[in-house]
């Protein structure tokens, strides 16, 4: 009886189970969309770009790039499928490029609805603003660089690790767009002879372009946001006009163990924020003949004053534009919720009228290998 049951199970596995097994597609018959771009052309038409690697050994070009005109992302993918040589897989996107011109339309964020709604999509690609046509970045194909998607993702991640660039994923952008306590901030790149990270793009409460930050201002923003990184600074510490092209009044250092504390208050109908920043300084460059060993306290004081001035200028800039990339509204909501609820729908205006004080405490950890 047992051998009969075993024979039945064997016949069942041979006749029934193989029909339910689906043959997976071959790698060369699959299109992995690793880079995706959206832009507006001169006729104000939406243009979508998709870049995929080619795994076929017989093909010399290792990247397949498509450009289509469509009204939505879903429609564009249908057009990409009609032009592609394999099954399109959109869950591997590494970077999402958005043209700076598109940000001027208050409804641009609605274009990304499919990326959040489609269960097969990914919310981890890096969002990057292109200062110029997206087509230039998508067609950029240097021989000494990896494919566009890997190159751009590595460029943003490494820049963020040095504290010179913001890192914003698709999921981060969704939170920033819908959280009334802060406004979005996205890294920005520009194409010249090569692709460079030029800083960050700041959006207002409506999600449209409001202001831009250079690399130094982006570093200040990351510190105020409390990001953990080793930051690099080059500051003028000695006043006076340079007599030639050699700037001897500059000082460079690495900032380690940076800690930011924010205290929130409410006085006389306005919010108050006291921001204290503490860091250790490791000198890496000192062209000036300043006597650091005997005047270390004075050196730390000059660095503190210079950083405090730069933080103050940065805060004035965001208050002028009524935006909050730092997320001070999140602190106001947590510690002054009663007053915050009264201004939550126009937080940018309330922040513009707030009193924001900054203080910087710098401690020298190292003066370098040479005295």
Full-stretch length increase - residue 196, residue 294 - with 0.36 nm per residue and alpha-carbon distance subtracted: 31.2 nm
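Under the definition of Cα pairs under 8 Å and six or more residues apart, what whole-number percent is the relative contact order of region 25-213? Could you put the intermediate results ahead of the total?
Numbers: 364 pairs, mean separation 35.1, N = 189.
Relative contact order for region 25-213 comes out at 19 percent.
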Pair residue 355, residue 79: separation of 7 Å Cα→Cβ label points (nm): 5.5 nm
For a label point 7 Å along the Cα-to-beta-carbon line of residue 366, residues of region 153-168 with backbone N under 20 Å: 161-164
Sequence of 300, 341 once ranked by neighbouring C-beta atoms within 10 Å, starting from the fewest: 341, 300
Segments 109-121, 356-368, 165-177, 320-332 sorted - mean Cβ within 10 Å per residue, highest first: 320-332, 165-177, 356-368, 109-121
FRET E, pair residue 263, residue 154, Förster distance 25 Å, beta-carbon r, rounded to 0.05: 0.10
Per-residue Cβ neighbour rank within 10 angstrom, fewest leading, 108, 347: 108, 347
Residues residue 316 and residue 113, FRET efficiency given R0 of 51 Å [Cβ-Cβ distance, rounded to 0.05]: 0.90
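Taking only Cα atoms of region 25-213, what ratio of Rg to Rh do you get with Rh as the Kirkwood inverse-distance radius? Walk me through the numbers on the way to the answer.
Working: Rg = 16.0 Å, Rh = 16.9 Å.
Reported Rg/Rh, Kirkwood definition of Rh: 0.95.
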Nitroxide proxy distance, nm - points 7 Å out along Cα→Cβ at residue 65 and residue 338: 5.9 nm
Cα convex hull of region 226-371, projected area averaged across orientations, nm²: 10.5 nm²
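Based on the alpha-carbon set only, what is the convex hull volume of region 107-175 divided per residue, in Å³? Numbers along the way, then the final one.
On the way: hull volume 8.6 nm³, N = 69.
Once divided by residue count, the hull of region 107-175 is 125 Å³.
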Exposure proxy ranking, count of Cβ atoms within 10 Å, fewest first, for 220, 351: 220, 351
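Any read-out appearing in this document is the output of simple, stated calculations on the displayed coordinates, not a laboratory observation. All of these numbers come straight from a predicted model, not from anything done at the bench. Cβ sites come from the backbone with ideal geometry, for glycine too, and all protein chains shown count toward neighbours.
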